[in-house]
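All remarks here apply to the structure that follows.
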Amino acid sequence: MKYNFDEVIDRRNTSCVKFDAVSERLGRNDFIPLWVADMDFLSPPCVIEALKKRVEHGIFGYTFASPQYYRSIIDWLKKKHHLTVKKECLTFVPGVVKGIAFALEEFTKKGDKVIIQPPVYHPFRLLTEGLERQVIDNPLVPENGRYGMDMAGLKKIVEENDCKVFILCNPHNPGGRIWSPEELAEVAEICDDKGILVVSDEIHADLALPGYKHTPFAGVSEKAAQNSITFMAPSKTFNIAGIVSSFAVIPNPDIRKRYVGYLEKRELNQGCLFAYTATQAAYEGGEDWLDELLKYIQGNIDFVSDFIEKNIPQINVMKPEASFLIWLDCRKLGLSQKELVSLFTDKAHLVLNDGTMFGKEGEGFMRMNVGSPRAVIEKAMNNLKKAINE
């Protein structure tokens, strides 16, 4: 490999959420953090060099999104996802979660109903409830070791409720599903018929693993394109979450006018200098780095899956089709959720995400981040094996 993903880099004492925030909360640092969704790898050299060059200029005045910034996104979406967009369909947003919150504020009012599909990325519920909207659950259905959408349940919900927004996680987090074009097209039909706006979180789009292909929601049909806001970002892909750079794709001019108007009134569509610099550099020069990263991540996933199958048969691995996150089904251990979390944290000295944070459907599950050097993953698995054997 051209890039060294085996290098172990000490992230402690860098105001790092993954390490330092947990150490402060637990009051100790004798753990391996495999939770929050960033990686322990250096970002692509092209990003690092672009940031260095910009820093060396030495003047950090007011900035704007250049034509080259927009062109890098447009070219990336076309090449990687076969999605053709025009510059006017794009707008900067300061983070995908924030972008979703802005959409809820603009297109719903207090008390309105918003559909989510648990177990799912927890901010979907937290944002909706925090903004005093009502969450309507359409739980996913386990099918042959992976999740599927309950289309019958979704149709029933929209018939019986006046829902305003459907928040889609595409690819799915924590289950790692890449939804098929057929599934997405059916969602588009159901929501369009009832005037329900689809807000699609596609932050893991670029992390489709070898053999899989992400389908943007806006690309499956004209109805999908004209009734959606899609959020994407280079942050997960190129490990630059701390730089905070995301964007929205909004083909429908009426929806776009309202959403961009919301942002402009609050100056929320203005990125910082380093956000524009890093995004452009990543999309223009990071493709070969990403190709190697995905192969390495797949190797980590295969290692964890094989290790658990051979040594910890009480746990089932839901192998992801995208991302560096693995959903572990630990129900055969026969532990309460509190006992399960304690097993990982106190006995195995691992910090994972408690499955119930993704909804009650996550009880008995834990989410594991394998975006770390193989040696770290191996140590983590041996720790878990020892804890369970004891």
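The values are calculated or read from the model by the stated rules, or taken from the named source; none is laboratory data. Note that the structure is a prediction, hence the values are computed from the model and not measured. Cβ sites come from the backbone with ideal geometry, for glycine too, and all protein chains shown count toward neighbours.
Quick grid of which residues meet (1) among the β-branched types (Val, Ile, Thr); (2) crowded, with 18+ Cβ neighbours inside 10 Å; (3) under 22 Å from residue 365 (Cβ atoms):
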residue: 99; (1), (2), (3): no, yes, no
residue: 107; (1), (2), (3): no, yes, no
residue: 118; (1), (2), (3): no, yes, yes
residue: 150; (1), (2), (3): no, no, yes
residue: 160; (1), (2), (3): no, no, no
residue: 168; (1), (2), (3): no, yes, yes
residue: 184; (1), (2), (3): no, yes, no
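Can you pull out every residue in segment 328-377 that is under 19 Å from the mean Cα position of the chain (by Cα), assigned to a strand (DSSP E or B) and either among the aliphatic types (A, V, I, L, M) or exposed (fewer than 15 other Cβ atoms within 10 Å of the Cβ) (or both)?
Answer for segment 328-377, where residues must be under 19 Å from the mean Cα position of the chain (by Cα), assigned to a strand (DSSP E or B) and either among the aliphatic types (A, V, I, L, M) or exposed (fewer than 15 other Cβ atoms within 10 Å of the Cβ) (or both): 328, 351, 366, 368.
Pairs under 8 Å by beta carbon, first residue without any contact (Cβ under 8 Å) to a residue 40 or more places away in the chain and assigned by TED's automatic domain parsing to the domain that holds residue 197 in segment 252-275, partner of a type in the set (S, T, N, Q) and surrounded by fewer than 17 Cβ atoms within 10 Å (Cβ to Cβ), six or more apart or different chains?
252/226
For segment 135-185, give me the residue count where each residue is aromatic (Phe, Trp, Tyr) and in contact with a strand residue (DSSP E or B) (Cβ under 6 Å, 6 or more places away or on another chain).
Of the residues in that region, 1 qualify.
State the number of residues belonging to segment 170-189 that are part of a loop (DSSP other than H, G, I, E, B) and small (Gly, Ala, Ser).
So the count comes out to 3.
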